[in-house]
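Asks: There's a structure below that I have some questions on.
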Amino acid sequence: MTSKRYVLISPCRNEADYMRQTLDSVVAQSVRPTRWIIVNDGSTDDTGKILAEYTAKHDWIEIVERKDRGHRAVGPGVIDAFYAGYAAIDPDDCEYLCKLDLDLRLPPCYFEILIERMVANPLIATCSGKAYIEEHGKLVYERHGDETSLGMTKFYRVSCFKEIGGFVREVMWDGIDCHQCRMKGWIACSWNEPELRFVHLRPMGSSQQGIYAGRVRHGYGQYFMGTGFWYMLASAVSRINQKPYLFGSAAMLWGWIKSALQRKPRYHDKEFIAFLRRYQRRALLVGKRRALEELSSPKGRM
């Protein structure tokens, strides 16, 4: 019998405006998590009160408290909080693990379908659905590549998570992990299908300092990960028609260029960067889909 045991770990800080929708949508899942570890990362709003309300009703929801660091920490700070939750579990007690943000509204069969997909294809290491935002009563696609699982809901096969060494405590952790999976012959992916579409209550790439700061941060993250200039340029151009139109793309590109001009440090793994650059060069020549298919072939894994 296939195990459906999975654990959620949710770092959060000051999510009182959004978290009830996430909490309610997880409670309503067709296959509920075995445990849900929520890391309250020094919240100063009503997050703690809301969490207490839900833990009183559901004994599979547990809270890990962290001291207030005085600000919302993105990137490495989020992963530090994640690992505070990871330390509270024995990962060998479950088959799957998910890092889940508390600003999402999930469809009712979300985790059940992800498990079914991973059972059907043992090469899938990590996967997710796709994020949409609500605008004027309509759902608008945030646009993500099919070659990655989304950072706000990274669903992992535990054995694969351990094999890649988990998440790096660096900016762009949610891109590095997917490429590490591919380096080891695994698949990272996401699906844009109605039953796997979820609502992202806070737009992707936004920041506590504003959406443009978030886009600049993304450009820096791409630079840090090792992304080449021409691939970064192509990525920015492909998002010109995505809000905020033109300027969002310019901010992403500026984040990369500024980091290069300042000679900021890059990810230390030279083998990883060489692998990434080979994939990106091939994707520019033949497209992402074909480049990924080539990587998935026996010859591509050599």
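Asks: Return the pairs, sorted by first residue and then second, in which the second residue is crowded, with 16+ Cβ neighbours inside 10 Å and not in a loop (DSSP other than H, G, I, E, B), the first residue lies in region 85-106 and is of a type in the set (Gly, Ala, Ser), the beta carbons are less than 6 Å apart, and the residues are 6+ apart or on different chains.
Replies: Listed pairs, sorted by first residue: Gly85/Ile9; Gly85/Ile37; Gly85/Val39; Gly85/Val64; Ala88/Ile37; Ala88/Val64.
Asks: Can you confirm whether region 81-100 contains a residue that is charged (D, E, K, R) and closer than 21 Å to Glu193 by Cβ?
Replies: No.
Asks: Can you tell me how many residues in region 27-49 are surrounded by 19 or more Cβ atoms within 10 Å (Cβ to Cβ) and either in a helix (DSSP H, G or I) or not assigned by TED's automatic domain parsing to the domain that holds Met152 (or both)?
Replies: Of the residues in region 27-49, 1 are surrounded by 19 or more Cβ atoms within 10 Å (Cβ to Cβ) and either in a helix (DSSP H, G or I) or not assigned by TED's automatic domain parsing to the domain that holds Met152 (or both).
Asks: Right, here's the next one. Just name the residue that is modelled with the lowest pLDDT out of those in region 148-185 that are within 18 Å of Ala120 (Cα to Cα) and surrounded by fewer than 21 Cβ atoms within 10 Å (Cβ to Cβ).
Replies: That would be Gly185.
Asks: Which residues, taken from region 25-37, are in contact with a strand residue (DSSP E or B) (Cβ under 8 Å, 6 or more places away or on another chain) and within 14 Å of Lys57 (Cα to Cα)?
Replies: Val26, Arg35, Trp36
Asks: With (1) in contact (Cβ under 8 Å) with a residue 60 or more places away in the chain; (2) surrounded by fewer than 17 Cβ atoms within 10 Å (Cβ to Cβ); (3) part of a strand (DSSP E or B) as the list, and Glu62 as the residue in question, which single condition is left unmet?
Replies: It fails just one condition, (1).
Asks: Could I ask something else about it? Tell me, yes or no, whether region 211-228 has at least one residue that is outside the structural domain of Lys154 (by TED's automatic domain parsing), over 18 Å from Asp174 (Cβ atoms) and modelled with pLDDT of 95 or more.
Replies: So far as region 211-228 goes, yes, one or more of its residues are outside the structural domain of Lys154 (by TED's automatic domain parsing), over 18 Å from Asp174 (Cβ atoms) and modelled with pLDDT of 95 or more.
Asks: Would region 64-71 turn up any residue that is within 22 Å of Phe155 (Cβ to Cβ) and modelled with pLDDT of 95 or more?
Replies: Within region 64-71, one or more residues are within 22 Å of Phe155 (Cβ to Cβ) and modelled with pLDDT of 95 or more.
Asks: Can you name the condition, by its number, that Tyr212 falls short on among (1) surrounded by fewer than 20 Cβ atoms within 10 Å (Cβ to Cβ); (2) of a type in the set (Phe, Trp, Tyr); (3) within 16 Å of the chain's Cα centre (by Cα)?
Replies: Here Tyr212 clears every test but (3).
Asks: Another question, then. With the checklist (1) closer than 15 Å to Asp103 by Cβ; (2) part of a loop (DSSP other than H, G, I, E, B) in hand, flag the one item Asp24 doesn't pass.
Replies: With respect to (1) closer than 15 Å to Asp103 by Cβ; (2) part of a loop (DSSP other than H, G, I, E, B), Asp24 is out only on (2).
Asks: On to the next question. Please indicate, with yes or no, whether at least one residue in region 92-105 is touching a helix residue (DSSP H, G or I) at 6+ places or on another chain (Cβ under 6 Å), of a type in the set (Ser, Thr, Tyr) and more than 23 Å from Ile133 (Cβ to Cβ).
Replies: No; the residues of region 92-105 include none that is touching a helix residue (DSSP H, G or I) at 6+ places or on another chain (Cβ under 6 Å), of a type in the set (Ser, Thr, Tyr) and more than 23 Å from Ile133 (Cβ to Cβ).
Asks: So, Trp256, is that one touching a Ser or Thr at 6+ places or on another chain (Cβ under 8 Å) and either at pLDDT 95 or above or surrounded by fewer than 16 Cβ atoms within 10 Å (Cβ to Cβ) (or both) or not?
Replies: yes
The values are calculated or read from the model by the stated rules, or taken from the named source; none is laboratory data. Just so we're clear, the structure is a prediction, and the values are computed from it rather than from any experiment. We place every Cβ from the backbone using ideal geometry, glycine too, and count neighbours over all the protein chains shown.
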